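> First, the structure itself, so that you have it in front of you.
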Amino acid sequence: MSGVSRPTVALGLAAVALSLVTLVGLPTPLQAAAAIAVLILLPGQALTRLTPVTDPTLGALLVLVLGLGALTAVSTAMFYLAVWSWQACVVTMGVTTVLACVARGRKEVAS
Amino acid sequence: MSRVITGRLDATIRTMGRWKPREVWCAVAGAVSLALAVGAASTVAVPVSSDLGLVAVLPYPFWIGVLLLNIAFIVALRGDAAGPARRLVMLWLIVALVLVLFGTAAFVTDVPRGEVAFRHLGVADALTNSQGINPRIDAYFNWPAFFALLATVLQATGLDPIAVALWAPVLNMGLWLAALGVLVRYLTSDPRRRWLVLWIFCLGNWQDQDYLSPQAFGFFLYLVVVALIIGPLAARPSEFRGFRRADLAAWWRGRTPADPRPAHRVSALAVTLLLVTVICASHQLTPFMVLIALTALTLTGRLWPSRLPLITAVILGLWLAFPASTFLAGHPPLLDAGIPAALEANVVDRLSGSAGHVIVVQVRIVLTLVLWALAVAGAVRDWRSGRLDLRVVLLAVTPLLLFPVQLYGGEMLIRVSLFALPFIAFQACSVLLPTGGSTRPSFRAAGVLVLTGFLLAVLTVTGRFGNAQYDVFTDGEIAAVAAVQRFAPPGSAIISAAHPTPWRSEAYLEHRYRTIDDLCRNDLATATCGPLVYDYARRNPAGAVVLLTRSSKASLVLQGASSAGGLAELEAWLSSQDGVELAFGNADARAYRVTP
């Protein structure tokens with residue numbers, strides 16, 4: 001039995017920190033980098049880590065496609081429910097990342 | 001023998017970290033060719049005056065850059081006995097090619113090419129402002145997922161929408177190549193073939209579907225889905241004994257999963273289902289391509305989860321029956337089906353216009369035929385040597401099934417050729433590379449590859465940027481559209497001469513956007529068309545603005561719908577009518593306000 005790995009903890013903390021920073025606002029290039037990370041890359045990475053993929057090339061592609069796919073699904077659902085705002089999307093994707101990290105952490109503890 | 005192998009392995013490991021002189025030269029050549037092409041493209045003056053498009057005005061250093069890039073790539077691909085150059089060099093050369101071929105227009109002007117990218121920005125803007133989806137607006141609001149993504153990304157990042165649209169072709173090609181790179185790894189273990197497929201895919205990509213659009217996003221997801229179904233979700237078919245029921249049943253039961261790890265297959269299936277759902281919500285055509293690919297691979301015993309086509313059909317059916325039902329109620333999808341109608345819309349109608357424009361269309365057809373001919377030759381060669389991969393043939397051919405089903409605005413053949421392209425490129429490599437697996441190409445074969453690559457690049461630049469006279473906009477035209485959107489009252493109609501107009505990126509829902517081309521149903525003679533446009537403008541309660549830009553007029557002339565003299569006469573007639581006054585004008589555009 002072992003504890004939660006550092007990458008899982010770092011991913012979850014990064015999602016929380018970057019979500020807050022993106023919501024507060026940064027100068028344009030930094031805001032773009034932070035928003036892309038919190039909306040696409042971090043959720044993509046957290047969801048990919050839930051899969052047992054070992055091939056790094058397929059893993060890298062999954063980070064992108066899961067991040068984009070999840071954000072598309074979240075944004076579209078919010079528009080249909082008439083509750084969309086980009087801030088709500090940032091919060092939802094941040095929460096998704098944290099939840100995926102919690103799920104991964106539980107697997108790591110159990111293994 | 002084992003000492004020799006160990007010695008070679010040691011030598012390979014020793015030199016793995018070191019850059020070989022050939023690799024350094026190839027990387028430098030890539031940088032030089034990129035600099036030449038970018039420098040040459042940035043000297044092109046806008047508007048482009050030739051009806052052949054950019055190919056006629058790009059200075060010769062651009063072509064030297066393209067040739068040098070092809071030489072560098074083939075030298076790197078040829079590599080040495082151990083294989084092609086290191087991955088970093090090959091990747092760098094492909095990045096350079098993407099920038100040269102797909103970033104060319106961005107080096108010529110800082111305005112995105114074509115009308116549609118502006119319109120797509122407008123849809124995202126409309127979603128942002130309304131914060132809800134009204135499916136009665138138009139088709140985009142029945143398949144809104146890509147626009148929802150775009151709205152979120154633009155608002156959260158604060159990026160300039162125009163800059164995003166300008167660089168979208170480069171970004172989309174990057175995404176497509178990333179997916180194709182993974183996909184090809186499941187089809188071949190030959191590294192030379194893997195790299196060459198990516199190269200040919202770039203060189204054959206004249207279809208110009210990589211702008212900021214749902215179809216570009218959908219195509220990326222399609223390639224990932226195909227990578228998953230020929231990778232973790234693939235099945236190994238058993239021996240085929242015949243078409244008798246018992247033989248078929250034995251063949252079907254004898255299939256085994258290509259990936260023996262159930263957890264991998266389950267996660268790949270979950271990702272596939274998410275992507276299928278997103279594709280169904282994003283674009284009209286792509287889900288059908290996915291469904292066809294899944295069905296073809298299942299029926300040939302190459303897909304392990306055999307119910308996946310059914311699940312996909314259910315998701316697609318649900319999307320069409322509910323969120324997209326408003327659009328489909330007024331637009332029956334099979335209304336204009338049939339091969340004669342498809343040929344008329346996709347080929348015959350496009351082979352008209354000025355001499356230069358017809359040449360451009362013919363170049364597109366020739367390029368497609370050249371690639372298909374290479375692919376057929378490669379397939380025959382593979383078949384003879386017993387190495388033909390049925391999956392590649394199926395994925396290349398099955399998109400053609402959609403050709404007669406829907407006209408798709410005369411664009412179905414373009415879409416079909418794009419969906420087939422990755423597999424056509426793969427099959428073409430069978431004839432472009434030596435037969436013996438990962439054999440190093442000879443000097444002669446390398447020369448043929450360089451010439452083929454250069455020829456394909458010339459044809460692709462011609463085909464891809466062949467409409468530059470009317471789809472590359474000037475600053476004057478952008479200023480005119482901005483002015484019209486500023487002074488046109490809410491509810492008014494904005495009437496442009498024809499569709500290549502950089503409008504609707506803002507105030508998408510505030511105006512009625514029409515073109516003279518549509519209002520007059522292609523009869524643009526002043527006597528018939530003038531009164532139609534004038535009456536339409538005056539009948540609109542909030543009035544109208546008639547916007548005549550250089551590019552929209554060039555489009556009508558180039559495609560043979562009108563002449564420069566005819567359009568000047570129409571403009572003169574309109575401007576002399578009661579209630580019509582010139583509200584804005586510059587060298588490239590004039591806007592007339594029409595009071596109701």
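> Averaging sequence separations of C-alpha pairs under 8 Å and six or more residues apart, then dividing by the length of chain A, give the relative contact order as a whole percent. Kindly include the intermediate steps, with their values, before the conclusion.
Numbers: 120 pairs, mean separation 49.6, N = 111.
45 percent.
> Taking the highest mean first, how do the peptides B:209-215, A:77-83 order by number of other beta carbon atoms within 10 angstrom per residue?
Descending mean neighbour count gives B:209-215, A:77-83.
> Assuming 0.36 nm per residue, please report the length gained on full extension of the stretch B:Arg245 to B:Arg261 beyond their Cα-Cα distance.
2.7 nm
> Further question on the same structure: I need the peptides B:91-101, B:31-41, A:38-48 ranked by packing, meaning the mean over residues of other C-beta atoms within 10 angstrom, with the highest value on top.
Peptide ranking by packing, descending: A:38-48, B:91-101, B:31-41.
> From largest accessible area down, sort A:Glu108, B:Glu411, B:Glu569, B:Glu239; use a 1.4 Å probe on the protein chains. Write out the running numbers ahead of the final one.
Values: A:Glu108 20, B:Glu411 55, B:Glu569 110, B:Glu239 130 Å².
Largest accessible area first, the list is B:Glu239, B:Glu569, B:Glu411, A:Glu108.
> For chain A, set up a GNM with springs between Cα atoms under 10 Å and report which of A:Ser75, A:Ser85, A:Ser19 has the largest fluctuation.
Its mean-square fluctuation being the largest, the pick is A:Ser85.
> Follow-up. First measure r as the distance between the Cβ atoms of B:Val95 and A:Val4, then evaluate 1/(1 + (r/R0)^6) with R0 = 35 Å and state the FRET efficiency to the nearest 0.05.
0.40
> Please give, to one decimal in nm, the separation of the simple spin-label points placed at B:Ala377 and B:Asp518, each 7 Å out from Cα toward the Cβ.
4.5
> Please give the FRET efficiency for A:Leu26 paired with A:Leu50, using the beta carbon to beta carbon distance and R0 = 22 Å, rounded to the nearest 0.05.
Plugging the Cβ-Cβ distance into 1/(1 + (r/R0)^6) gives 0.15.
> Could you work out how much longer the chain between B:Leu351 and B:Leu310 gets when fully extended? Use 0.36 nm per residue separation minus the Cα distance between them, nm to one decimal.
Answer, rounded to one decimal: 10.8 nm.
> Among the DSSP beta bridges whose two residues both lie in the protein assembly as shown, what percent are antiparallel, rounded to the nearest 5? Provide the component values of the computation, followed by the final result.
Working: 16 of 24 bridges.
Counting only bridges with both partners in the protein assembly as shown, antiparallel ones make up about 65 percent.
> For chain B, which cysteines have no second Cys with its Cβ under 4.7 Å from theirs?
Singleton cysteines: B:Cys26, B:Cys202, B:Cys280, B:Cys429.
> Once label points are set 7 Å from the Cα along Cα→Cβ at both B:Thr43 and B:Ala329, what is their separation, rounded to one decimal in nm?
Placing both labels 7 Å along Cα→Cβ, they lie 6.0 nm apart.
> If you don't mind, there's one more thing I want to ask. With only Lys, Arg, Asp and Glu charged, each at its Cβ (+1 for the first two, -1 for the last two), find how big the charge dipole of the protein assembly as shown is about the Cα centre; round to the nearest 20 debye. Write out the running numbers ahead of the final one.
Numbers: 52 positive and 37 negative charges, 704 e Å.
About 3380 debye.
> Please compute the average number of Cβ atoms from other chains found within 10 Å of each residue's Cβ in peptide B:151-164.
The per-residue average across the peptide is 6.
> For the ranges B:219-231, B:457-469, A:86-98, what's the packing order if you count other beta-carbon atoms within 10 Å of each residue, average per peptide, and put the highest first?
Result, highest mean first: B:219-231, B:457-469, A:86-98.
> At R0 = 30 Å, how high is the FRET efficiency between B:Ala568 and B:Ile365 if r is their beta carbon distance? Nearest 0.05 is fine.
The computed FRET efficiency comes out at 0.35.
> Roughly how crowded by other chains is peptide A:28-38, in terms of the mean Cβ count from those chains within 10 Å of each of its Cβ atoms? Intermediate values should be presented prior to the final figure.
Numbers: counts 4, 3, 1, 4, 6, 1, 2, 8, 4, 0, 1.
Average per residue, whole number: 3.
> Once Lys and Arg get +1 and Asp and Glu get -1 on their Cβ, which of A:Val109, A:Pro7, B:Ser575 lies farthest toward the positive end of the dipole of the protein assembly as shown?
The Cα lying farthest towards the positive end belongs to A:Val109.
> Further question on the same structure: Using just the Cα positions, wrap the protein assembly as shown in a convex hull and report its mean projected area in square nanometres, one decimal place.
The Cα convex hull of the protein assembly as shown, projected and averaged over all directions, gives 34.7 nm².
> Sticking with this one: Which listed residue (B:Ala234, B:Thr128, B:His331) has the Cα farthest towards the positive end of the charge dipole for chain B, taking +1 on Lys and Arg C-beta and -1 on Asp and Glu C-beta about the Cα centre?
The residue sitting most towards the positive pole is B:Ala234.
> Determine the shielding of peptide A:55-65 by partner chains: average, over its residues, the number of Cβ atoms on other chains within 10 angstrom of each Cβ. Can you show the working numbers first?
Details: counts 5, 0, 4, 10, 1, 3, 11, 7, 0, 6, 15.
Per residue, the average neighbour count from other chains is 6.
> While we're looking at this one, here's another question. Placing unit charges on C-beta atoms (Lys and Arg positive, Asp and Glu negative, everything else neutral), compute the dipole magnitude of chain B about its Cα centre in debye, rounded to 20.
That gives chain B a dipole magnitude of about 3200 debye.
> A further question on this structure: Tell me the mean residue ellipticity at 222 nm calculated for chain B from its helices only (DSSP H runs of n ≥ 4, each -39500 (n - 2.57), averaged over every residue, nearest 500).
Taken over chain B, the calculation gives -20000 deg cm²/dmol.
> From the backbone phi of region B:260-265, what are the Karplus-calculated ³J(HN,Hα) couplings (6.51 cos²θ - 1.76 cosθ + 1.60, θ = phi - 60°) in whole Hz, Gly and Pro given as x?
x, 8, x, 4, 5, 5
> Relative contact order of region B:473-594, please, whole-number percent, based on alpha carbon pairs below 8 angstrom and at least 6 residues apart.
31
> Tell me which residues come under 5 Å, amide H to amide H, from B:Phe584 once H is placed; ignore anything under 5 positions away on its chain.
Hits under the 5 Å cutoff: B:Ala591.
> Okay, next question. Which residues' amide hydrogens lie under 5 Å from the amide hydrogen of B:Ala235, considering only partners 5 or more residues apart or on another chain, with H built in the peptide plane?
B:Ala258, B:Leu303, B:Trp304
> I need to check one value: relative contact order of chain B, counting alpha carbon pairs closer than 8 Å and at least 6 residues apart, in percent.
It comes to 17 percent, rounded to a whole number.
The values are calculated or read from the model by the stated rules, or taken from the named source; none is laboratory data. Bear in mind the structure is a predicted one, so any value in this text is a computation, not a measurement. Neighbour counts run over all protein chains shown; Cβ positions are idealised from the backbone, glycine included. Please note that ligands, DNA and RNA were not included when accessible areas were found on the heavy atoms of the full protein model with its side chains. Shrake-Rupley method; radii C 1.70, N 1.55, O 1.52, S 1.80 Å.
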